[in-house]
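Since the structure comes first, as structure tokens, the remarks are kept for the end.
Since every read-out is calculated from the coordinates, none of them should be taken as a lab result. Just so it is clear, the structure is predicted and the values come from calculations on it, not from any experiment. We place every Cβ from the backbone using ideal geometry, glycine too, and count neighbours over all the protein chains shown.
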Amino acid sequence: MLLIRCPYCEEERPELEFRNAGEAHIARSVNIAGETDDDFEKFFFIRSNPKGIIYERWRHMHGCARFFNAVRDTVTDKFVMTYKAGEPKPSKLPGVAK
Amino acid sequence: MAKAAASKTAPAASPSVERRPALAGRSTAATGVKVEVLPSAERISLRAPEASVAALSKALGVTLPKKPKTSASKGKRTALWLGPDEWLVIDEAGNDPLADCAGVAALHSAVGISHRNIAIAVTGAGAAATINAGCPQDLSLDAFPVGAASRTILGKAEIVVLRTAVDAFRVECWRSFSDYVFTFLSEGSRDAAV
Amino acid sequence: MSGAFRIPGAGRFKQAKTARFSFDGQSYAGIEGDTLASALLANGVHLVGRSFKYHRPRGILSAGAEEPNALVEIKRDAARKTPNVRATVQELYDGLDAQSQNRWPSLSFDVGAVNDIASPLFSAGFYYKTFMWPKAAWKSLYEPKIRAAAGLGVSPDQPDPDHYSSRYAHCDVLVLGGGAAGIAAALAAAETGMRVILADEQAEFGGSLRFETGAKIDGQDGFAWAQGTIAKLSAMDNVRVLSRTTAFGYYAQNFVGLVERVSDHLKTPGHDLARERLWQIRAKRVVLASGAIERHMVFADNDRPGIMLAGAARTYLNHYGVAVGKNVGVYTANDSAYAAAIDLKKAGVNVAAIIDLRDNPTGPVIDEARALGIEVNFGRAVIRAGGKLRVSSMTVQPKNGGGERTIPVDAILMSAGWTPSVHLFSQSRGKVAFNDETKRFVPGTYAQDCVSVGACNGTDGLSATVDEAYAAGAKAAKDAGAKIAKGTKPKVDASESWSRGMLGAAPGAGPDTTVKAFVDFQNDVTAKDIRQAVHEGMRSIEHVKRFTTNGMATDQGKTSNMHGLAIAAETLGKPIPEVGLTTFRAPYTPVTFGAIVSHARGPLFDPTRSTAIHPWAEAQGAVFEDVGQWKRAWYFPKAGEDMHAAVDRECVAVRKTAGLFDASTLGKIEVVGPDAAKFMELLYTNPWEKLEPGRCRYGIMLREDGFIYDDGVVGRLAPDRFHVTTTTGGAPRVMNHMEDYLQTEFPHLNVWLTSITEQWAVIAVQGPKSRDIIAPLVEGIDMSDEALPHMSVREGRICGVPTRLFRMSFTGERGFEVNVPVDYGQAVWEALWAEGQKHGAAAYGTEAMHVLRAEKGYIIVGQDTDGTVTPNDAGLDWAVGKKKPDFVGIRGMARPDLVAKGRKQLVGLKTRDPKVVLEEGAQIVEDPKQAIPMKMIGHVTSSYWSENCGRSIALALVAGGRDRMGDTLYVPMPNGVIEVEVTGMVFFDERGGRLNG
């Protein structure tokens, strides 16, 4: 069981309290009704599935109940960092080369 | 703020029907641990932005805590920090916090949940070990001091844990999970006692 | 009295109590504190099992968790039968009943041993090669036969009556292994005041101090020091000492799973005592002090009972006071076996000879052995063991060939050296490194916050071990945040020391031989098998492992992996590190399902949720159905009624007079805030801004892909407050869905969501008489049709308690849903029931509810929809706000496939024969005479007998269904084809007049 740092609770908490909520930083268009089929496909269906660093949404479901974002390495399964929902994608990741 | 909020869930004069709380009076005792269902209490789920906290604190008579995993108490009223804009307010003296919030103009949402939750007291030297039978949080005094409060997991049910004393916890869960939670805690207490 | 081989004055327990036990029906005496293995050996019993494949007689190899041979069944009673228990781990209790396994008719005469004679047929890869042909024989012949023959032991056939517990724990320093290293590390960490947990798999701490005689620490005998230090640690508030506790898995972020055997060693476990306790420990730092495991010598017939590891023989002597024979031989490639020979000799056991494979070793133990008059031979090998059910001799030859000499013995103690136990380190994702000089894998690169100390780290010698461990314990505590260090390091005054040894097959079992020199005892893998695997093309050690099954038995190759690797490397002509080690996986030793499941059985398997009205329904004899975790009243049979009759009666009563229904499980969410309506506009297809307070609307929620996700009636209590209902099963996910959008897509909205599912009990009162039943109990609400029309909501009081009274209907009748605070639910129900009785009302369950709504064509999300149904498909276009610029699903709904012609649409079906009730899920075709596979154009989603309509009714999803009104379609069933007519979805009161009374 992983420990995940909740940016709202400001501490690491057991994974059982959390739930993954898919890839992060995929914004819903404010004019979604006017989107082309291609744009909607990209928004709704296409996900990056990288080997390495992934940006994910998690919810501290059985804790503060907040959604937040996390950077995780899909190779090591390690959380690199977490940050609050709405905050921009971090430009620098701690402990990650490149 | 909302008109409807003023309508109390607590009965006024004399209801013609009786209240039948779940698990009323149930308790088990093992060596060093007691698990018992607590009497009914008044509760609200309070949601508010930072700017409203002062006004709500004043109306409620208890300062809403802003620090994660903490609570604040005044008399028989306790406010538990559950999230950055969420508090569980419990009143054990029968005073309705919903009514107290009704007059607050500052932005907030107060919803009566007095009947939604059941409270179970876990007390005694084995209290933390009892809860740790199914709760993965660190309940040592350093990590979870007296007054600490958190929503978390017990086995397959969600609970709210409040440490009321070194050897005492208040565990809240939704009514329909109370049988499961009570049974789980009873099993945990059997094991914590030996 | 406790066995002829018990040596007076030897061993640790002098005044212990006798414990009677039986093995294969024969009664014996042992001593409390014995393991089953030591007690058997004390009685001269070496033959304890038969091997897996060849059914060869097997004895006791080890004195610990690594045991591959001595697996027995322990039986407490009819239900408490545990197979594959290691006799070397099972502690003796008075009355213990053990049985040998994998033999028939008896242990000494086993018919299956014919496999040993036929062994050329059963070489490595035998299964893969033999059972290939004919193909049909696999299912009918090979698989059942193999299954019957395979496996050691028999599974219990009754539910496990024991209970198992679990505990999450946290600490600063977790020390795994309670030998000298672990104790020293724990002591150092504990002295800083940090939280320390020390665990060891044995009943008594000490590790190799349990059998060593030469260790002295702080002026005491090593074992006494261990006991004294453990007592001191146990008394400290910041330390938890766990004996009989095996760390079986090392997971991410220092999360370690351990099993404590709480009561397997007790004669009568108390009622409250768990059999085992699962510990899930999160540690800031972990100190691995898991020691080393001795390897056997690989020579012909090295599996005969009586042949065992030298360290095991020493443990039996020095810890349990048991001599493993009267005339023992020793075969070794390192010094440690000498200590065993010396101790046995001193205890009065004859040591026939020490056969040392090394050419000219020197050292104090060799001198001492010689001084005791033991014959010591260098440069020689044991090329074969004699005897069958018990070793009777060892045949010795110079290692480079020459004359043979057979020495009679009744036991052989062997040691090929010690393998560091890097299992947990490896599980932690650490990378091992091969030390070419000492020929062993030791911890190399660490992946987690842990450190290895002592023998598992390749550290030799007690003094160096204690130094290293004490320093590591102190550092671990400091790294975990300790401020102070005030302890004193234990001083090692004297110690034993031995290292080196050999890997692979010994002379006489080399590539030029065909002898059975066992590498893996439990899976019957010989040196020859491993060579054969390489010859047949296996290059990777992982392939060799799978082809031969070396290391794949329940002991996971604790004694065999290094030998197997060395033989494979030699055959491949590659150095060992290039061939590499197989992966170590959890669990380190077998873990019971009981421990894994722990509390989660019976009532704690999953929460069972019931409503406040449940006790009433139960008292009425209701039959319940599971809806998710909820128990819901399904129907209320009266005496003599079957389900069909009860449901018919309930359905008729609702339309004739009235019915009461417990709708408490419906999900309920209070949406509060100035932007509540804006939020509702975005989450539901319907328009909400103009819904007046006091009115309700049926809402549809879509996912972003445009498909129906949930539905329910929503009441507006105030401009800024909505009371939203969801489906019973959908409540948690709908809440999550709404929170997701609110928090991450629409965070600018000032609105909050609170689950009130369990705050309110909901009593549906439906039927022409519903108002007459409710009205007398209500205060403060005008119940007239003008003041309270269909689809409206009021707050007031009923029976003196607060209510949110909805006028709404899921039956098509005049109806109400009475919400009251849940603790009043049963009492208000009873009051309404009493009123209802005056009008002939019935209680109805979920089945009648389903029938009544189907009569009206009301859908159930999840039954009539399946995640691929749009509002248009369901005939619910009217509920989609056409002028709305945005709502979740607005774009998905417009995707080309979702607006294409020919989509499956929800329609009604009437069978030609009104008495025939269709099967839900049945497929629908246009032409029943077409060739199979037929083209299926839809399926039945709901189907019931409707007593109110006097016929069967059904809803179905049919391609282009709304253009097929009146068409005849066909439902092919095993007993014939059923003819149906496509109709509208409303079967009863099509104009809907009854809603308004």
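About the centre of its Cα atoms, chain B shows a dipole size close to 340 debye [charges on the beta carbon of Lys, Arg (+1) and Asp, Glu (-1) only; nearest 20 debye].
Here residue C:488 and residue C:213 are evaluated by their C-beta separation; at R0 = 22 Å the FRET efficiency comes out at 0.30. Once you sort the root eigenvalues of the Cα gyration tensor of chain B as a ≥ b ≥ c, which label holds: rounded (a/c under 1.5), prolate (a/b larger than b/c) or oblate (the other case)? Oblate.
When you filter the trypsin sites (Lys or Arg not before Pro) in region C:397-490 for DSSP loop state and at most 14 other Cβ atoms inside 10 Å of their Cβ, you are left with C:483, C:486. Which of rounded, prolate, oblate describes region B:109-194, given a ≥ b ≥ c as roots of the alpha-carbon gyration tensor eigenvalues and a/c under 1.5 marking rounded, otherwise prolate only if a/b is larger than b/c? Judged from the Cα gyration tensor, region B:109-194 comes out oblate (a/c at least 1.5, b/c at or above a/b). For the protein assembly as shown, the dipole from Cβ point charges (+1 on Lys and Arg, -1 on Asp and Glu) about the Cα centre works out to 1220 debye, to the nearest 20. Ranked for footprinting exposure by Cβ neighbours inside 10 Å, fewest first, C:197, C:484, A:53, C:7 give C:484, A:53, C:7, C:197.
Between 0 and 90 degrees, the angle of helix C:825-837 with respect to the longest Cα principal axis of chain C falls at about 40 degrees. Compared with the dominant Cα axis of chain C, that is its longest principal axis, helix C:561-572 is turned about 80°. Note on the protein assembly as shown: dipole from Cβ charges, positive end direction compared against A:91, C:3, B:171; the farthest Cα belongs to C:3. A straight Cα-to-Cα reach below 20 Å connects residue C:668 with the lysines B:3, B:8, C:631, C:678, residues fewer than 8 places away in its own chain not being considered.
Judged by a Cβ-Cβ distance under 4.7 Å, the unpaired cysteines of chain A are A:64. Of all aspartates and glutamates in the structure, those lying under 12 Å Cα to Cα from residue C:53, and not within fewer than 8 positions of it along the same chain, are C:116, C:520, C:524. As a rough footprinting exposure proxy, the listed residues B:81, C:760, C:833 were ranked by other beta carbons within 10 Å of their own, and the order from fewest upward is C:833, B:81, C:760. For residue C:894 and residue C:692, what is the calculated FRET efficiency with R₀ set at 25 Å and r taken between the beta-carbons, to the nearest 0.05? The calculated FRET efficiency here is 0.25. In straight-distance terms, cross-link reach from residue C:486 covers every one of the lysines whose alpha-carbon lies under 30 Å from its own, apart from those fewer than eight places away in the same chain; here that gives C:216, C:232, C:284, C:475, C:478.
What does the net charge come to around residue C:916 if you take all other residues with beta carbon closer than 13 Å to its beta carbon, with K and R at +1 and D and E at -1? Spelling it out: positives minus negatives among the neighbours equals 0.
Placing unit charges on C-beta atoms (Lys and Arg positive, Asp and Glu negative, everything else neutral), compute the dipole magnitude of chain C about its Cα centre in debye, rounded to 20.
With only Lys, Arg, Asp and Glu charged at Cβ, the dipole is about 1680 debye.
Between residue A:87 and residue A:41, the contour length at 0.36 nm per residue exceeds the alpha carbon distance by 14.1 nm. On C-alpha positions alone, give me the angle between the axis of helix C:222-234 and the longest principal axis of chain C, in degrees, nearest 10. Computed tilt is about 30 degrees. Centroid-to-centroid, using Cα positions, region B:87-134 and region C:34-84 are 56 Å apart.
For residue A:13, the residues 5 or more places off, or on other chains, whose built amide H falls under 5 Å of its own are A:4, A:5, A:6. Per residue of B:91-98, other chain Cβ atoms within 10 Å of the residue Cβ number 0 on average.
Length available on full extension from residue C:779 to residue C:12: 0.36 nm per residue minus the Cα-Cα distance, which gives 267.9 nm. Residue order for B:87, C:634, fewest other beta carbons within 10 angstrom first, comes to C:634, B:87.
Each of A:32, A:1, C:871 was scored by the projection of its Cα onto the charge dipole of the protein assembly as shown, and the greatest displacement toward the positive side belongs to A:1; charges sit on the C-beta of Lys, Arg, Asp and Glu.
Here the Karplus relation 6.51 cos²θ - 1.76 cosθ + 1.60, evaluated at θ = phi - 60°, turns the backbone of region B:135-149 into coupling constants of 10, x, 7, 7, 9, 5, 5, 5, 7, 9, x, 4, x, 5, 8 Hz, with x for every Gly and Pro.
Summary of the geometry: region C:570-586 and region C:878-943, compared by the centres of their Cα atoms, lie 60 Å apart.
Computed from the Cβ-Cβ distance with R0 of 25 Å, the FRET efficiency linking residue C:158 to residue C:27 stands at 0.45. When the charge dipole of the protein assembly as shown is built from unit charges on Cβ atoms (+1 for Lys and Arg, -1 for Asp and Glu) and taken about the Cα centre, the candidate among A:63, C:242, C:423 whose Cα reaches farthest toward its positive end is C:423. So for chain C, Kirkwood radius off the Cα pairs, Stokes-Einstein at 10 °C and 1.306 mPa s: how many µm² s⁻¹? Stokes-Einstein gives a translational diffusion coefficient of 47 µm²/s. Among the GluC sites (Glu not before Pro) in region C:724-830, those placed in a DSSP loop whose Cβ has at most 10 other Cβ atoms within 10 Å are C:786. Close amide-amide hydrogen proximity is noted between residue C:331 and C:355, C:413, C:414, C:415, each under 5 Å apart and 5 or more residues distant or on a separate chain (H modeled in the peptide plane; Pro and chain starts excluded). With a ≥ b ≥ c taken as the square roots of the eigenvalues of the C-alpha gyration tensor of region C:892-996, please select rounded if a/c is under 1.5 and otherwise prolate if a/b is larger than b/c or oblate if it is not? Cα axes put region C:892-996 in the oblate bin.
Cα centroids of region C:340-370 and region C:727-741: 75 Å apart.
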